[in-house]
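Single-structure report; data block below.
The values are calculated or read from the model by the stated rules, or taken from the named source; none is laboratory data. All values derive from a computational prediction rather than experimental measurement. Reconstructed Cβ throughout: ideal geometry from the backbone, glycine too, with neighbour counts over all protein chains shown.
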Amino acid sequence: MAGGWAQDGAVNEQIEASIADELARLKARRGPVGESLTHCAECDEPIAQARRAALPGVKLCIDCQNERDGRPKARGGINRRGSKDSQMK
């Protein structure tokens, strides 16, 4: 299906690229992996054994993790690949 000046398959490429971007973002958020630290990476306070057992790969104490979770995360929110404005040049 042709769409104006777009090449055949351009819409599918945009969809696949958007899906790949979202999957990469989700993989980055997957969580800690590896060996847990005994002390927090930010404040150097001891991390409780129960927390290390519950979350393998944990790097932060509960207080530092709660502070980090409360920070706003920057995210574009606009799919420029599929925007008509980005295609009209």
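Determine whether the stretch 33-44 contains at least one residue that is in a loop (DSSP other than H, G, I, E, B), of a type in the set (Val, Ile, Thr), more than 30 Å from residue 5 (Cβ to Cβ) and at pLDDT 90 or above.
Yes: one or more hits.
How many residues, within the stretch 25-63, are among the β-branched types (Val, Ile, Thr) and surrounded by 12 or more Cβ atoms within 10 Å (Cβ to Cβ)?
3
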